[in-house]
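**Q** Encoded as structure tokens, here's the structure I'll be asking about.
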Ligand code: PHE
């Protein structure tokens, strides 16, 4: 083997042995760079005899071309390898299931309020609202609960700091003050419900200092007890989804209604569990009555011209009964596990865009 062949074989072996582009570049510099082995040899040609210079020059140039060609092919190979390696490293498994987007739920209280509103909307009621911070007049006096009346004590009222005239505002203890506000502002006929927050200083498994009520008020000509009964029987049956649900009206007392009646629904208690709709037991679910003539008068209306009925129900209580929720306090804990268990899909809620009134 000639010296030239040995050089060629050595360089080609180095090219083949280069395992990455950096190593290949080192081989290229070692062979073809300014001080590379081939370049150095080419520089010595000048000192040779013309004939030998020609032969050696041709042979050297052949080696140079062959080595350059080998480097270029090896470079293409190594670039392809590098690309495959990068593709493998950055591979994304598009067959993995996506994380489902977190969908919010409807709180059982909101759901219950919307169900109540939907039923009354069907009966032609609209929604009215009033302030949570009330005056003594709207919360008590106008509702025929004068100062010193024993009913005031039963309400466990939260009073706020007195204003400049020494009068203490109250957190409304029921939604009934909106009866007064509505009768003062809207000419009969009136048919409203008032869902909203109410406050009493009370806290245990069935009482919370803040809770929700839904008031109802119907005022018009010749409204009588029959209307009250028909309306509330229909409501109870629609709300609990039992067509022949037994409904009982039990005489009661509220200062702002006369006569007054508490409404009970039929139920049964089996092994400590409550079943609504059958049985010989009763469960109280709301208060009601014919609006007291003095209340109608207090709003500037003539009780000989218009009459009406009113009712009030606790929304937490209705939600607990309908959805089997045992402890009222859990409504406000914001415990995600509880919310997922008792919450409702947003899609499931009846669209309720009818019957909405301006707040009064
Ligand atoms: N306001 C009464 C309560 O909070 C409920 C009620 C409303 C009773 C309207 C009769 C008429 O207990």
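The values are calculated or read from the model by the stated rules, or taken from the named source; none is laboratory data. The model shown is predicted, which means the values in this text are computed figures rather than measured ones. Because the Cβ atoms are built from the backbone with ideal geometry, glycine has one as well, and the counts that use them run over all protein chains shown.
**Q** If you scan the range 1-32, which residues turn out to be modelled with pLDDT of 90 or more and not in a helix (DSSP H, G or I)?
**A** 18, 19, 20
**Q** Can I ask one more? Do we have any residue at all in the range 150-163 that's closer than 13 Å to residue 216 by Cα and either in contact with a strand residue (DSSP E or B) (Cβ under 8 Å, 6 or more places away or on another chain) or crowded, with 22+ Cβ neighbours inside 10 Å (or both)? Lay out the reasoning, then the answer.
**A** Within the range 150-163, the first condition is being closer than 13 Å to residue 216 by Cα, and the residues that meet it are none.
For the range 150-163, residues closer than 13 Å to residue 216 by Cα and either in contact with a strand residue (DSSP E or B) (Cβ under 8 Å, 6 or more places away or on another chain) or crowded, with 22+ Cβ neighbours inside 10 Å (or both): absent.
**Q** Hey, does the range 99-107 have a residue that's under 30 Å from residue 189 (Cβ atoms), touching a residue at least 40 places away in the same chain (Cβ under 8 Å) and under 31 Å from the mean Cα position of the chain (by Cα)?
**A** The answer is no, given that none of the residues of the range 99-107 is under 30 Å from residue 189 (Cβ atoms), touching a residue at least 40 places away in the same chain (Cβ under 8 Å) and under 31 Å from the mean Cα position of the chain (by Cα).
**Q** With the checklist (1) over 23 Å from residue 111 (Cβ atoms); (2) away from the ligand (no atom under 16 Å from the Cβ); (3) touching a strand residue (DSSP E or B) at 6+ places or on another chain (Cβ under 9 Å); (4) not in a strand (DSSP E or B) in hand, flag the one item residue 268 doesn't pass.
**A** (4)
**Q** Can you find a residue in the range 55-63 that is surrounded by 10 or more Cβ atoms within 10 Å (Cβ to Cβ), farther than 30 Å from residue 2 by Cβ and touching a helix residue (DSSP H, G or I) at 6+ places or on another chain (Cβ under 8 Å)?
**A** No, because not a single residue in the range 55-63 is surrounded by 10 or more Cβ atoms within 10 Å (Cβ to Cβ), farther than 30 Å from residue 2 by Cβ and touching a helix residue (DSSP H, G or I) at 6+ places or on another chain (Cβ under 8 Å).
**Q** Using the structure shown, decide if residue 71 is closer than 30 Å to residue 330 by Cβ and surrounded by 13 or more Cβ atoms within 10 Å (Cβ to Cβ).
**A** For residue 71, the condition - closer than 30 Å to residue 330 by Cβ and surrounded by 13 or more Cβ atoms within 10 Å (Cβ to Cβ) - is not met.
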